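Report on the following structure.
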Amino acid sequence: MVCYNLNNFYNTIIRRKFVLSISIHYKTMNFQKEIQVNAASQTAKKGLPAALWALTISAFGIGTTEFVIVGLLPTVASDLGITIPSAGLLVSLYAIGVAIGAPILTALTGKIPRKTLLVSIMLLFVIGNVLASIAPGFITLILARILTGFAHGVYFSIGSTIAASLVAEEKRATAISIMFSGLTLAIVTGVPLGTFIGQHFGWRATFIGVSILGIIGLAASLLLVPNHLKNGKTASVKSQFKVLGNKRLIFAFLMTAMGYGGTFVVFTYLSPILQKITGFQESTVTFILLIYGIAIALGNLIGGKAANKNPLKALLWMFAAQGLVLLAFYFTVSSPAASIITLFFLGALSFASVPGLQLLVVQIAEKELPGTEDVASGINIAAFNVGIAIGSYAGGMIVTSSLGLGSTPWIGALFLLVTVIITAYSIRLSKQR
């Protein structure tokens, strides 16, 4: 999609129409405020602020652009005349952009009003995807991916705290889970659709489509997110990184990295596992992955509700259950019927901990290091990506070793065992405070 500069149009207005333009601007601002008030009042009765859906829409677009590139790597490599391993940099450098954007850029933008920052991030996201769609070569495409990675990192850092601030104390994890449902729904619907578009109309068409999603998210944020969002007490940039010295936060980050490491040991190689070990055809695997994605979305929402009151306790049970299901998958993987049932529960548990983990770091930061909530949330987003990298790498090592594909589930279960131990110790630490 091409971004049009509307300022060139408004610069043609002559001085005699100045009063009229002021009147239009005034009425437009009042209309926007009226939309915000009406939307908020209508959804308040249902217990879900309209702003939460704006966050979810944006999360859907960001989730789509993050994961859809995996299905487009062969197409991109062929079109740009590069190898598939080189095209793989579009995945890894995006993750680096997220890892940088989440903690560092979040810290540097701490004093910017939340809505202004949110809208600016979505604008950067749109620009990055438009740039990707018109990229003349591989280097430009890499730069576009890094830009969107920056936007991703900051968005989910502040999005978690904004979502939590929109609802009552006892519904904060639920609010975060609703926002992250946009990400999980992207895995279920956005990624398959984006891959289909890229394979039939060219990979550039996919990025144009994602740009449109970004514009919708941008418009929704402008209209539905309140203007009066509080920044809260913001610590200095130097003080914000004290989160790295907080013992409870460090263990929370370790829980995130290890938990998602265990998930991606298996998830990264799920398709070949189902084809080579279980014996499903490729077309059947696509349908199974859709079921898995639906389970992810359901688990995310259920996990959010479970973590509302006591996230640490809920996380302990979630990680323990996920480890047991991973171990069960090791034994059921050779049975088509049993493997599908196991995978459904595995999908539900794999992302159920996301809201609880985000809420946990925000709660610890609020209590022990006020003013660092966004940065703590950002570092946790980076920890997710570290976990994904560790899990994917470990899975690759296992697949190429004598252990083989079939061993990935029990190796993943070992990751979760370590995560359970870390979580149990974190509960002990919380009781000492």
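Considering (1) more than 26 Å from residue 386 (Cβ to Cβ); (2) crowded, with 24+ Cβ neighbours inside 10 Å, the lone condition that residue 183 does not fulfil carries the number (1). Listed by position, the helices (runs of 4 or more DSSP H) enclosed by the stretch 285-369 that each have at least 1 residues that are surrounded by fewer than 22 Cβ atoms within 10 Å (Cβ to Cβ), among the β-branched types (Val, Ile, Thr) and more than 19 Å from the chain's Cα centre (by Cα) are 311-332, 336-350.
Restricting to the stretch 194-204, name every residue that is touching a residue at least 60 places away in the same chain (Cβ under 8 Å) and either surrounded by fewer than 24 Cβ atoms within 10 Å (Cβ to Cβ) or not hydrophobic (A, V, I, L, M, F, W, C) (or both). Listed by number, the residues that qualify are 194, 195, 198, 199, 202, 204.
Modelled with pLDDT of 90 or more, surrounded by fewer than 23 Cβ atoms within 10 Å (Cβ to Cβ) and among the aliphatic types (A, V, I, L, M): is that true of residue 254 in this structure? Against the criterion (modelled with pLDDT of 90 or more, surrounded by fewer than 23 Cβ atoms within 10 Å (Cβ to Cβ) and among the aliphatic types (A, V, I, L, M)), residue 254 qualifies.
Do we have residue 405 as of a type outside the set (Phe, Trp, Tyr), modelled with pLDDT under 85 and out of contact with any Ser or Thr (no Cβ under 7 Å at 6 or more places or on another chain) here? Spelling it out, it is not the case that residue 405 is of a type outside the set (Phe, Trp, Tyr), modelled with pLDDT under 85 and out of contact with any Ser or Thr (no Cβ under 7 Å at 6 or more places or on another chain).
Taking (1) at positive phi; (2) modelled with pLDDT of 85 or more; (3) under 25 Å from the mean Cα position of the chain (by Cα) in turn, residue 47 satisfies each apart from (2). All told, residue 119 falls short of being outside any helix (DSSP H, G or I) and either at positive phi or in contact (Cβ under 8 Å) with a residue 60 or more places away in the chain (or both).
Results for (1) polar (S, T, N, Q); (2) assigned by TED's automatic domain parsing to the domain that holds residue 157; (3) modelled with pLDDT of 85 or more; (4) surrounded by fewer than 20 Cβ atoms within 10 Å (Cβ to Cβ), shown as yes or no for each residue.
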| position | (1), (2), (3), (4) |
| --- | --- |
| 373 | no, no, no, no |
| 376 | no, no, yes, no |
| 380 | yes, no, yes, no |
| 393 | no, no, no, yes |
| 396 | no, no, no, yes |
| 399 | no, no, no, yes |
| 415 | no, no, yes, no |
| 418 | no, no, yes, yes |
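The set of residues from the stretch 303-323 being among the aliphatic types (A, V, I, L, M) and modelled with pLDDT of 90 or more comprises 312, 314, 315, 316, 318, 320, 321.
The values are calculated or read from the model by the stated rules, or taken from the named source; none is laboratory data. On a predicted model such as this, the values are computed, not experimentally measured, just so you know. With ideal geometry, Cβ positions are generated from the backbone for all residues, glycine too; neighbour counts draw on all protein chains shown.
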